[in-house]
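Comments concern the structure below.
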Protein chains: 4
Amino acid sequence: MLDALREEVCTANRQLARSGLATLTWGNTSGIDREQGLVVIKPSGIPYEQLEAGHMVIVDLDGKVAGGELRPSTDTATHLALYRAFGQIGGVTHTHSRCATIFAQARREIPCLGTTHADHFHGPVPVARPLAEVETADYEANTGRVILERFTNVDPLAMPAVLVAGHGPFTWGRDAAESVQNAVALEAVAEMAIGTRLLDPDAPELEPYLLEKHYRRKHGPAAYYGQA
Amino acid sequence: MLDALREEVCTANRQLARSGLATLTWGNTSGIDREQGLVVIKPSGIPYEQLEAGHMVIVDLDGKVAGGELRPSTDTATHLALYRAFGQIGGVTHTHSRCATIFAQARREIPCLGTTHADHFHGPVPVARPLAEVETADYEANTGRVILERFTNVDPLAMPAVLVAGHGPFTWGRDAAESVQNAVALEAVAEMAIGTRLLDPDAPELEPYLLEKHYRRKHGPAAYYGQA
Amino acid sequence: MLDALREEVCTANRQLARSGLATLTWGNTSGIDREQGLVVIKPSGIPYEQLEAGHMVIVDLDGKVAGGELRPSTDTATHLALYRAFGQIGGVTHTHSRCATIFAQARREIPCLGTTHADHFHGPVPVARPLAEVETADYEANTGRVILERFTNVDPLAMPAVLVAGHGPFTWGRDAAESVQNAVALEAVAEMAIGTRLLDPDAPELEPYLLEKHYRRKHGPAAYYGQA
Amino acid sequence: MLDALREEVCTANRQLARSGLATLTWGNTSGIDREQGLVVIKPSGIPYEQLEAGHMVIVDLDGKVAGGELRPSTDTATHLALYRAFGQIGGVTHTHSRCATIFAQARREIPCLGTTHADHFHGPVPVARPLAEVETADYEANTGRVILERFTNVDPLAMPAVLVAGHGPFTWGRDAAESVQNAVALEAVAEMAIGTRLLDPDAPELEPYLLEKHYRRKHGPAAYYGQA
């Protein structure tokens with residue numbers, strides 16, 4: 001069942017590990033089969049070098065395990081909240097990558113300081129508020145809720161990333177692989193934003209027309225980056 | 001004698017080297033057999049790539065060599081002090097990993113600024129005071145003593161790490177491998193704490209209920225991270 | 001057609017990837033055959049590990065594709081502007097390498113703080129102004145124009161690098177391989193300039209006579225670095 | 001001639017490359033045969049991955065080439081000045097490693113902030129003054145002279161490193177391999193000193209008795225680090 005998707009999600013998780021974004025077992029990637037309404041996700045706490053496609057866990061959109069022998073990632077409920085709300089995404093990645101997490105810990109959005117950022121994220125990367133004490137009861141689902149609260153009137157395809165305050169980043173994309181690529185891009189722009197602010201606290205944000213130009217080079221009907 | 005533990009400790013030392021935490025020969029991991037009261041530890045000054053299980057040195061809890069042909073790590077007496085005082089730990093690791101050592105050199109505890117920290121360390125990582133001049137006589141044993149002095153009323157299982165002022169970190173765990181994982185986690189949270197403080201000197205510590213929630217996700221009877 | 005140059009440019013692009021300067025697909029290297037007036041460049045959006053010489057795209061100096069089955073890099077028009085204006089260069093590289101891009105985002109030239117810099121760049125590395133809104137129409141060609149505007153009265157052989165404000169670095173050299181080496185050198189001096197400024201905001205620039213001495217050790221008729 | 005030393009120096013240069021301290025071809029290691037008064041050194045500008053023992057160049061203490069087909073490193077005269085003045089050293093290494101060079105560019109000595117430093121360097125790592133304009137005439141020999149000027153009344157065995165202002169570090173040791181290890185140690189302590197100063201500009205230097213204790217653990221007649 002869902003063998004191709006399991007393979008794809010397993011490969012994306014291994015790619016996440018190779019990218020250097022995931023220390024120990026801190027990171028997970030999932031993918032969805034929209035027709036069947038089923039999500040494939042990394043099992044909890046398994047080292048990346050041991051991961052096989054058969055380890056991937058299948059859950060439905062309510063979180064009920066529908067396949068696989070292992071427990072799914074503890075962050076599964078957050079992934080599911082994103083899949084339910086963002087109907088066009090096909091993959092989700094969560095990491096504690098260093099520089100994106102530094103912004104999350106500082107509870108600051110990542111300003112758009114250059115075209116690298118604009119190529120991937122259509123404006124500053126937003127921060128979701130920290131959970132209230134009462135929200136720790138259903139913690140992972142509520143992590144999804146504070147993200148969605150922050151994304152009111154934000155297009156998740158134009159802004160495929162969020163920082164959860166005091167926690168770390170979630171990214172998404174058309175499939176699992178793209179959600180990993182967005183995690184890599186997010187870490188790079190976070191690292192360069194930190195360096196830019198340290199070198200010059202008053203460095204200006206990118207001109208809005210350059211942000212628009214770069215974003216449109218890679219996204220939407222007029223995109224001309226990559227192969228046809 | 002203790003062949004399995006020697007193998008395990010050797011593997012943990014090699015893992016330490018692969019993790020990038022140990023420059024040159026600066027780092028050592030040990031494990032204990034509680035029934036026999038014997039500790040297995042890395043020999044002093046041997047490059048990690050040459051390490052074999054047979055090189056591991058066996059010492060009793062008083063520091064007497066009980067097996068092996070090489071001299072044990074110079075830090076052995078510190079490891080032994082921890083094993084004697086913390087009856088539930090099974091492995092100890094010492095490194096001079098960059099960011100944890102930076103906090104040790106600044107003689108500051110590592111504040112808990114995010115959930116990555118809370119997942120592993122139940123509060124700020126403490127700093128043991130620098131040794132007094134008179135304490136250099138029995139230096140490594142006294143390094144153990146200042147750590148234990150600092151851990152009065154601190155649960156070593158909930159706080160499996162310490163920074164020795166002006167020196168560097170020691171971590172521990174249920175076995176040698178877990179003590180290495182805690183060294184990796186410590187370095188990651190130290191790196192992100194430095195970055196967070198540089199980006200915003202006033203970044204807040206994590207809310208206590210979020211610290212509690214994350215710590216309990218991974219530790220204690222209600223833990224639900226990883227496989228059953 | 002141009003098989004040797006395609007091989008050379010492919011090798012240079014793979015070298016760029018191995019150097020760690022190119023995240024995802026963010027970076028491209030080209031080379032020129034001056035006799036034929038043809039440029040060979042990396043195709044757009046292809047991962048470096050998949051690159052083969054046969055993928056390289058051939059364009060003339062007006063940007064017309066003259067060989068290859070893939071679309072050339074979106075930055076091709078910028079490369080061509082440099083080849084047309086700088087008659088002695090044989091290769092061009094564009095990256096978003098972290099520290100050079102940090103300076104580009106801070107819109108500051110990289111000061112010459114040491115001999116590493118002087119060995120490669122004859123003075124501070126200049127910043128080209130950000131494009132005006134009207135210049136986004138022919139964006140990549142205009143990126144070339146603002147670079148050339150900045151290089152009025154600057155010798156491109158003595159200063160084989162530029163930062164485009166809010167964007168990132170371009171470097172060049174006698175061939176594709178040397179343009180990659182200059183990108184590596186630029187990143188190194190940018191990283192050290194950031195660290196120097198953070199350690200001491202008032203660190204002085206290198207004495208002009210030492211800049212001159214080091215530059216002339218490696219360049220020009222009196223150079224004595226390397227093999228004859 | 002000197003086949004064993006050539007092999008040893010070649011291995012040390014390759015080790016330097018593997019350590020990550022040498023970008024492009026920026027770094028060189030040499031070793032000396034004191035009986036014959038001959039120095040073996042890396043050839044100038046040859047990439048590390050192509051180095052073979054047969055490429056190593058033999059020079060006498062006056063700089064006359066006595067063997068090998070390639071040109072010796074441009075820094076040879078500096079190495080020779082150190083060998084002539086420091087009769088007990090057997091190897092010299094020069095790099096532009098990032099953090100040591102940052103201190104050299106800031107023209108500041110590296111303070112001893114912790115035991116990692118004290119294990120290798122008996123006090124703050126000194127900075128040699130920048131060369132005067134007139135001294136650029138015999139540049140590399142004069143680089144040696146300003147180092148020796150700074151080492152008046154400094155024991156080169158207790159302080160096996162120096163920073164040349166605006167340039168970078170030189171290290172030495174009993175043989176070529178140890179000079180490389182000291183370059184690695186220097187970079188580590190420089191990196192941690194930068195981080196410590198950024199985290200807390202007022203972080204104290206290590207207590208003198210701890211500096212003494214750690215230095216004597218590894219050096220001198222009472223050393224007890226490593227194997228007998």
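Values in this text are rule-based calculations from the coordinates and carry no lab data. The structure displayed is predicted, hence computed values, not measured ones. All Cβ positions, glycine included, derive from the backbone under ideal geometry; neighbour counts span all protein chains shown.
Details
- Distant-in-sequence amide H partners of D:I110 (H built 1.01 Å from N, under 5 Å): D:V125
- Counting, for every residue in D:185-195, the Cβ atoms of other protein chains within 10 Å of its Cβ and taking the mean gives 5.
- Cα centroid separation - the range B:17-52 against the range A:54-123, whole Å: 37 Å
- Shielding score for C:92-99, defined as the mean number of other chain Cβ atoms within 10 Å: 2
- For the peptides C:41-50, B:214-223, the ranking by mean Cβ contacts within 10 Å, running from highest to lowest, is C:41-50, B:214-223.
- Helix-only [θ]222 nm of the protein assembly as shown, DSSP H runs n ≥ 4, -39500 (n - 2.57) each, per residue, nearest 500: -12000 deg cm²/dmol
- For B:K218, the distances from its label point to the matching points in the remaining copies are 3.1, 3.1, 4.4 nm, ordered from shortest, with each point set 7 Å beyond Cα toward Cβ.
- Debye intensity ratio in log₁₀ form over the Cα atoms of the range D:1-74, taken at each q of 0.23 Å⁻¹: -0.96
- Principal axis dimensions, the range C:3-216 - Cα atoms, whole angstrom, descending: 52, 37, 32
- Cα→Cβ-extended label distance, 7 Å offset, between D:D60 and C:E49, nm: 5.5 nm
- Choice from C:V57, C:V164, C:V134 showing the highest fluctuation, given a GNM over chain C with Cα pairs closer than 10 Å: C:V134
- Gyration tensor over the Cα atoms of the range B:51-174: the corresponding equivalent ellipsoid has semi-axes (square roots of 5 times the eigenvalues, largest first) of 25, 17, 14 Å.
- With only the Cα atoms considered, the range C:156-228 has a convex hull volume of 124 Å³ per residue.
- Note on D:198-205: average number of Cβ atoms from other chains within 10 Å of each residue's Cβ is 5.
- Looking at the protein assembly as shown alone, DSSP beta bridges between its own residues are antiparallel in about 95 percent of cases.
- Remark on B:V164: its backbone amide H falls under 5 Å from those of B:A128, B:F170, a criterion applied only to residues 5 or more positions apart or on other chains, H modelled at 1.01 Å from N.
- From the largest down, the protein assembly as shown spans 76, 76, 44 angstrom on the principal axes of its Cα atoms.
- Contact order normalised by residue count of the range B:1-156, Cα under 8 Å, 6+ apart, percent: 20 percent
- Teacher prompt: C:R129 distances to equivalent labels in other copies, 7 Å Cα→Cβ, nm: 4.4, 4.5, 6.3
- Partner aspartates and glutamates for D:K42 [C-alpha distance under 12 Å; skip if fewer than 8 residues away on the same chain]: D:E7, D:E8, D:E52, D:E69, D:D75
- The range C:56-132: relative contact order as a whole-number percent, Cα under 8 Å and 6+ apart: 17 percent
- Förster radius 25 Å - calculated FRET efficiency between A:E133 and B:V154, Cβ distance, rounded to 0.05: 0.50
- Residue of chain A with the Cβ closest to the rotation axis carrying A onto B, and that distance rounded to whole Å: A:L198, 4.
- Using a 7 Å Cα-to-Cβ projection, C:D33 label spacings across copies, nm, ascending: 5.1, 5.1, 7.2
- For chain C, modelled as a GNM whose springs connect Cα atoms under 10 angstrom apart, the maximal fluctuation among C:A77, C:A158, C:A190 occurs at C:A158.
- What the phi angles of the range C:67-82 give under the Karplus curve with 6.51, -1.76 and 1.60, with θ = phi - 60°, is a coupling list of x, x, 9, 9, 6, x, 3, 4, 8, 3, 4, 5, 4, 5, 4, 5 Hz, glycine and proline written as x.
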